[in-house]
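**Student:** Submitted below is the structure of interest, expressed as structure tokens.
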Amino acid sequence: MAAAPAMALLVVAVAVTAAAMAVSPAGAQPSPGYYPSSVHRAMTFSRYYTNKWGPQHQTLSPDQSSLTVWLDKTCGSGFKSRKSYRNGYFAARVKLPAGYTAGTNTAFYLSNNEAHPGFHDEIDMEFLGTIPGEPYTLQTNVYVRGSGDGRIVGREMRFHLWFDPTADFHHYAILWNPDAITFFVDDVPIRRYERKSELTFPDRPMWVYGSIWDASDWATDDGRHRADYRYQPFIAHFDRFTVAGCAPTAPSTCRPVPASAAGAGLTPRQYAAMRWAQQSHMVYYYCQDYRRDHSLTPEC
């Protein structure tokens, strides 16, 4: 996970279709018509995950349904799936730290960095902390065979959420299929990154991770606001852990999880909901950042 260049607010110039307007009256969150969070059953934490680092900064509920992690000046904390996967639907509900959280990064993501250090793939949902009065930023990102070293860079799309993510739990999910990666917030698809070629799409097995850590160098206004440990601890809560995917050794009968009731693709209603999210709440899109070298991101 690495920083994206700071950039002023961008709004996608996408017309709201009649379908989008029909499901999103007065700017409210639209109904996508399909709810994967209700299709896949939540599991206990220890069945699919284990501590990765900072065990002293983790508390698991007695029924193992929820996990609390926190960051203070000594360290943060992280967890990792017990298995790797070649595709799948990976989700959790998250309640973010409140108050002054600048410089913090609460993340839920897929990666194979430990198997391919310096040459890894990654699919991120990162919640970038903020100062009071300013919104959290949700950064979605895709790395393909690289660590953002200048030759192969991240593919960031950032959003300001349409709710307060510190007031209650909300559902966040990554659906990684052979044809596309879809990011969901409360079952609304906010981004779909399609496979254009083998060079621009991750296809090696990855593990699932969650963490909270100090990303002061870049997370908030490109490092302008850093973590202030007078406000520690920074506490994040995870629950409703869901893993529905195919491990590398799974038989061919293990099929990718569908993105909708219609199958692999999204329905018109889901696309309308995604247009709403991007038109109303997207604040950065790497393909529209013309300061970047887009020869490194040919899909743009």
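The values are calculated or read from the model by the stated rules, or taken from the named source; none is laboratory data. Just so we're clear, the structure is a prediction, and the values are computed from it rather than from any experiment. Ideal geometry is used to build each Cβ from the backbone, glycine not excepted, and the neighbour counts take in all protein chains shown. Side chains are part of the model used for accessible areas, which takes the heavy atoms of the whole protein and leaves out ligands, DNA and RNA. Shrake-Rupley method; radii C 1.70, N 1.55, O 1.52, S 1.80 Å.
**Student:** Relative contact order of the stretch 151-275, please, whole-number percent, based on alpha carbon pairs below 8 angstrom and at least 6 residues apart.
**Tutor:** Answer for the stretch 151-275 is 20 percent.
**Student:** Another question, then. Quick one, which of [x] 172; [y] 153; [z] 133 is the actual volume of the Cα convex hull per residue in Å³ calculated for this model?
**Tutor:** Looking at volume of the Cα convex hull per residue in Å³ for this model, the match is [z].
**Student:** Once you keep just the Cα pairs under 8 angstrom separated by 6 or more residues, what percentage relative contact order results for the stretch 42-294? Each step should come with its number before you reach the end.
**Tutor:** Details: 594 pairs, mean separation 73.3, N = 253.
Relative contact order of the stretch 42-294: 29 percent.
**Student:** Once the dipole of the stretch 42-294 is set up with Lys and Arg at +1 and Asp and Glu at -1 on Cβ about the Cα centre, which of Met43, Gln139, His57 lies farthest towards its positive end?
**Tutor:** Positive-most Cα among the choices belongs to Met43.
**Student:** Report the charge-dipole magnitude of the stretch 38-129 in Debye, nearest 20, computed about the Cα centre from +1 at each Lys and Arg Cβ and -1 at each Asp and Glu Cβ.
**Tutor:** 360 debye
**Student:** Restrict the search to the stretch 24-74; then list the trypsin sites (Lys or Arg not before Pro) that DSSP places in a loop and that have at most 11 other Cβ atoms within 10 Å of their Cβ. Mind dumping the intermediate values first?
**Tutor:** Numbers: sites: Arg41, Arg47, Lys52, Lys73; in loops: Arg41, Lys73.
Answer by residue number: Arg41, Lys73.
**Student:** Same structure again: Tell me which lysines have Cα within less than 30 Å of Lys83's Cα, excluding those fewer than 8 residues away on the same chain?
**Tutor:** Answer for Lys83, where 30 Å is the Cα cut-off: Lys52, Lys95, Lys196, listed by chain and number.
**Student:** Can you pull out the cysteines in the chain that have no other Cys Cβ under 4.7 Å?
**Tutor:** For the chain, the answer is Cys75, because their Cβ atoms have no other cysteine Cβ under 4.7 Å.
**Student:** Another one. Could you go through the stretch 83-88 in sequence order and give the Karplus-derived ³J(HN,Hα) for each residue, using 6.51 cos²θ - 1.76 cosθ + 1.60 with θ = phi - 60°, rounded to whole Hz, and x for Gly and Pro?
**Tutor:** Values per residue, Gly and Pro as x: 10, 9, 9, 9, 5, x Hz.
**Student:** Carbon and sulfur atoms: what percent of the 1.4 Å accessible area of the chain do they account for?
**Tutor:** Carbon plus sulfur share of accessible area: 54 percent.
**Student:** If R0 is 30 Å, what FRET efficiency do you get for Thr166 and Gln288 from their C-beta distance, rounded to 0.05?
**Tutor:** Working: r = 29 Å, r/R0 = 0.96.
Given R0 = 30 Å and the Cβ-Cβ separation, E is 0.55.
**Student:** Leaving ligands, DNA and RNA out of it, work out the accessible area of Met157 with a 1.4 Å probe and give it in Å² to the nearest 10.
**Tutor:** 10 Å²
**Student:** Placing +1 at every Lys and Arg Cβ and -1 at every Asp and Glu Cβ, with all other atoms neutral, what dipole size does the chain have around its Cα centre, in debye to the nearest 20?
**Tutor:** On the way: 28 positive and 27 negative charges, 132 e Å.
Computed about the Cα centre, the dipole is about 640 debye.
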